[in-house]
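First up is the structure itself, then whatever we jot down about it.
The values are calculated or read from the model by the stated rules, or taken from the named source; none is laboratory data. Please read all numbers here as calculations on a predicted model, not as lab measurements. Heads up, the Cβs are rebuilt from the backbone with ideal geometry, glycines too, and the neighbour counts pull from every protein chain shown.
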Amino acid sequence: MAVPFYRHGLTPEAGARIAEVLASPFLTSGPQGARVEERLRAFFGVAHAKLTSSWTQGAIATLLAYGIGPGDEVIVPAMTFAATANVVRLVGATPVFVDVDPATLLISQPLVAAALTPRTRAVIPVHLYGQMVDIPALRQVLPPAVRIIEDAAHCFEGSLFGRRPGQDGDAAIFSFYATKNVTCGEGGAVVTNDSDLAALLTQTVLHGMSAGAAQRFQGGTYRHWDIDRLGTKANLPDLLAVLLEPQIDTVEERLAQREALSLRYERALASTPFTWPTIVRGAVSARHLFPIHVPDNRRDAVLAALGQAGIGATVNYRCVPSLTYYRKAVETPLVPVSRAWGEGTLSLPLFPDLREHEQDEVLAVLLAEADATRMDEEDHRAAAP
Ligand SMILES: *Cc1c(COP(=O)(O)O)cnc(C)c1O
């Protein structure tokens with residue numbers, strides 16, 4: 001591939017860190033993970049952090065800890081990755097899709113307010129593409145018992161007016177999946193200031209057991225454990241957790257590279273018919289992705305042209321309630337902004353060591369496609385009565 005969609009930044013030197021874990025007694029969650037959790041608490045300025053095997057498992061463990069299940073509703077944006085809604089279904093609750101703001105593509109606060117019912121137990125705002133939803137403002141439109149569980153899979157480095165994920169929500173959940181800004185291949189974390197949630201999470205990430213492996217053998221004598229609520233299996237092994245610490249040290253450097261590349265795309269595409277989300281004043285975007293919107297049903301043609309040139313591009317995302325499973329599983333909501341964005345969007349290669357000459361290859365294809373899109377638009381105008 002001439003320009004890959006994503007190239008990870010982990011090097012074989014990281015193998016030495018894994019070798020250290022292999023030389024210790026702990027293969028699964030142990031002292032290495034505890035160190036990373038300490039770093040996450042400090043980075044996000046929160047009281048508790050729990051590493052998980054993925055965002056998905058962290059979210060399921062959080063929903064189980066809050067006792068959210070059958071008969072409950074959870075409000076989610078229609079424009080997000082399907083996992084945001086899937087976890088709600090997986091615990092037996094009902095996702096209620098609401099539309100997003102046309103400028104930012106973030107969940108619309110007035111539409112959240114309009115979607116509340118007596119069954120609403122939580123909202124999962126998504127910090128889409130790296131820009132944070134305004135959590136204190138969202139809180140103001142919610143009854144006090146409704147939880148805010150932030151989907152921060154795109155937003156490790158992002159902030160809004162200096163506030164980071166997890167500081168104002170009930171919990172924020174990260175993904176360390178292979179293509180995310182901070183990665184260990186597969187992984188995640190839940191951060192929270194809610195001590196009750198943190199205590200419940202230690203159970204719901206481990207089958208619901210009242211004592212983890214280390215506590216069961218504390219002091220050399222075996223202690224019985226019990227299960228008083230259902231849990232999943234969501235803990236992250238030390239074998240993977242060791243890969244995270246060096247990335248937390250250098251996250252700001254890599255954000256600066258993502259920012260510079262994003263601004264370079266924006267400058268080069270400024271006079272094309274393509275558009276992209278607005279980043280509001282006061283926001284620092286984690287610049288996880290660089291999505292554009294292609295008008296006039298030409299998205300798939302642009303995707304094909306990029307593919308032919310050997311350039312990796314993806315779609316983030318198709319509107320979730322229009323996916324086959326959700327068309328069958330839930331009442332189809334009116335979400336015109338999410339639908340239109342989902343039908344026209346594609347994401348360009350963006351990762352810290354993307355080279356300028358590689359980015360120029362991407363831009364060459366896009367500028368040619370912009371001309372084709374413009375000609376299409378002129379044809380449409382000429383054909384109009
Ligand atoms: C990647 C992603 C997830 C799921 O993360 P996993 O760690 O793969 O479970 C959830 N939400 C969003 C917005 C994502 O991009």
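List of remarks:
- Search result, residues across segment 299-314 that are assigned to a loop (DSSP other than H, G, I, E, B) and either under 27 Å from the mean Cα position of the chain (by Cα) or under 21 Å from residue 81 (Cβ atoms) (or both): 310, 312, 313
- Residue 244 meets all of the listed conditions (1) surrounded by fewer than 23 Cβ atoms within 10 Å (Cβ to Cβ); (2) in contact with a helix residue (DSSP H, G or I) (Cβ under 6 Å, 6 or more places away or on another chain) but one, namely (1).
- Flag for residue 363 being assigned to a helix (DSSP H, G or I) and either within 26 Å of residue 87 (Cα to Cα) or touching a residue at least 40 places away in the same chain (Cβ under 8 Å) (or both): yes
- Verdict on residue 197 being outside the structural domain of residue 130 (by TED's automatic domain parsing) and under 24 Å from residue 155 (Cα atoms): no
So that you can scan it fast, the table gives a plain yes or no per residue for (1) in a helix (DSSP H, G or I); (2) over 26 Å from residue 361 (Cα atoms); (3) in the same structural domain as residue 180 (by TED's automatic domain parsing); (4) among the small types (Gly, Ala, Ser):
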position: 6; (1), (2), (3), (4): no, no, no, no
position: 17; (1), (2), (3), (4): yes, yes, yes, no
position: 20; (1), (2), (3), (4): yes, yes, yes, no
position: 26; (1), (2), (3), (4): no, yes, yes, no
position: 29; (1), (2), (3), (4): no, yes, yes, yes
position: 32; (1), (2), (3), (4): yes, yes, yes, no
position: 37; (1), (2), (3), (4): yes, yes, yes, no
position: 40; (1), (2), (3), (4): yes, yes, yes, no
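- Any hit, segment 301-321, residues being touching a Lys or Arg at 6+ places or on another chain (Cβ under 6 Å) and on the phi < 0 side of the Ramachandran plot: yes
- Filtered residues of segment 170-188 (kept if more than 9 Å from the ligand (Cβ to nearest atom) and either among the small types (Gly, Ala, Ser) or out of contact with any strand residue (DSSP E or B) (no Cβ under 6 Å at 6 or more places or on another chain) (or both)): 171, 172, 181, 182, 183, 184, 185
- Test for residue 11: is it assigned to a helix (DSSP H, G or I) and among the hydroxyl-bearing types (Ser, Thr, Tyr): no
- Selected residue (criterion: farthest from the ligand (Cβ to nearest atom)) from residues of segment 119-145 that are closer than 19 Å to residue 89 by Cβ and assigned to a loop (DSSP other than H, G, I, E, B): 119
- Residues of segment 183-237 that are part of a loop (DSSP other than H, G, I, E, B), surrounded by fewer than 21 Cβ atoms within 10 Å (Cβ to Cβ) and hydrophobic (A, V, I, L, M, F, W, C): 211, 217, 225, 230.
- Positions within segment 43-79 being more than 15 Å from residue 235 (Cα to Cα), part of a loop (DSSP other than H, G, I, E, B) and touching a Ser or Thr at 6+ places or on another chain (Cβ under 9 Å), in sequence order: 46, 47, 68, 70, 71, 72, 78, 79
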